[in-house]
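Reading through the structure tokens given below for one structure.
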């Protein structure tokens, strides 16, 4: 009787699987069918199962609705003492909280499932609970703790046997952790084990996911040939199984591999194809990612107008969705493109918007953490009980003692019996789909997070390339000032300090500039400053340092819209700027906060700077800077610097280097050849800093006349 019943269930599941064209349509049809079926079902156990199946369909896309149905199922399961469905309800409620990033609430619900699974010796549910707890710590980037839970879940799944879907899912999750820990060989081992089980159970979509994950690991290892090989296999499997979501993801990642190889023309068609698929899917989140990928590709191929067009489309959609992580990507990309076009005003505008949205993301995260603290005490208490059991290895060999309530009334009425058979068929089918869907969502989420992190890092590296491209090339500097050196040490990938040089007839103008802040904000300010300094010499024909500083002050105030209303950005620059007549050796100097040091006849002298910066003119008036003239002698040394060197903490007591010590150092090295001077200055900085963090960007310029 039971065998016939199982064959009938298998037949109905097969019909359901092949009679609907897409996952989204299947899900909608299943929910609609079950909601219509629910009022006709009189068997309480079946009602609970149907409620849980509906909840499982809503879990990731509509967690509030999932919570509503799972709570109904939970209440009835407790009333009937149906512990199996009670555990299912707790797991579904936990997943609904997990997908909303309410991690403490999710852990509290998983703790209840854990208690029931332990009491009833249900290895399968216990394994699933531990796996889901691992997901929470995975999202929190506590990879060691997540790995511990996954490995416990893996052991229980292997002992329980039978549920190969769960086993494959957990193996995949272990692989994800090892990938995040940069232990790529271990990640490949678990991904391959997961794929082998998926092949055994005929989970073709799962095989496509595993191939995709393996390809991603090879990309991280820098083995682009292997990565493309596995991405191609994944693409073939996903196309064969009409997995449009997976296909678009793989296409986009193939494009990313070619981007990493700087083969931008090869990457382009893959981004275009992924974009077309996502337009047809109406998947706005991933559609934005494709538009950003395409926009970045145009940027790399120096097709800036097309890049701006695609990124603006994505940015508009991101704002409508309210997805701040995507909005952040748009602002960052536009800042880079406008900087590449030398439209520094626009670049700075988008960089400022980027900083604002990052602050907003931080505030939201902080608020969410405060809300979750209301439930943290109970969650932590339960969690410690679970961790204690895991730590001491007290999860004993459990026997599966499932006491499922059999159907009581379905044989009494033939019509109800047929409906119940249909309902149970949907139940079994959807439990399998829930496992598939959860795995796919997790794999998809991890892949996109990794991709986004990579894109952010790549964007900053592109900013570095832009900044390096505007700095004077070494050969140009050495040609204009052959007996000189530059010690340049950014704190981050990009720098707020920069050095600048231009020549007008016999006069060489050069400067060491320190912009407000460091990192990306400082770097964008450096682009604005460099452009205005070059403009002062080449377009306005200025060579007198005080006049150049006045031009720079006015330009920064105008570019950043600084005024007494306080609407603009209150950023500025400190600098020392010189003009040297190479024939007469007359030196002119003007400075904003940064003094000039020069050594003549074995004596170090200081020309003090004016005590107001470039920019930050809240009175809307341009400052007047003092011009100093010095007659140098052959062999004298000039030194310009930013404050990063003197302000660096270090030494045996962790104190600042300070300016007096810098003066002593410069006086000591002044008689050395300039290249040796640079080496001594660099070694002194590194020795002083020791193991402490560099606190600011550093630039020191030395010139012997």
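An oblate overall shape is assigned to segment 478-563, the ratio a/c of its alpha-carbon gyration tensor axes (a ≥ b ≥ c) being 1.5 or greater and a/b not exceeding b/c.
Both radii come from the Cα set of segment 627-674: Rg as radius of gyration, Rh as Kirkwood radius; their ratio Rg/Rh reads 1.07. Stretching the chain fully between residue 668 and residue 200 yields a gain of 161.0 nm (0.36 nm per residue, less the alpha carbon separation).
Cα gyration tensor of segment 472-704, axes a ≥ b ≥ c as square roots of the eigenvalues: rounded (a/c below 1.5), prolate (a/b > b/c) or oblate? It comes out oblate by the Cα gyration axes.
The relative contact order of segment 472-704, computed from alpha carbon pairs under 8 Å that lie at least 6 residues apart in sequence, is 24 percent.
Length gained on full extension, residue 624 to residue 319, computed as 0.36 nm times the residue gap minus the Cα-Cα distance: 105.4 nm. Between residue 241 and residue 659, full extension at 0.36 nm per residue minus the direct alpha carbon distance yields a gain of 143.6 nm. In this label model, residue 682 and residue 483 are separated by 2.2 nm, measuring between points 7 Å along each Cα→Cβ vector. Placing dummy labels 7 Å off each Cα toward the beta-carbon, the span from residue 285 to residue 226 is 3.1 nm.
Computed from the coordinates by the stated procedures, all read-outs in this text should not be read as laboratory data. All figures in this text were calculated on a predicted structure; none of them were measured in a lab. Every residue, glycine as well, gets a Cβ built from its backbone with ideal geometry; the counts of neighbours run over all protein chains shown.
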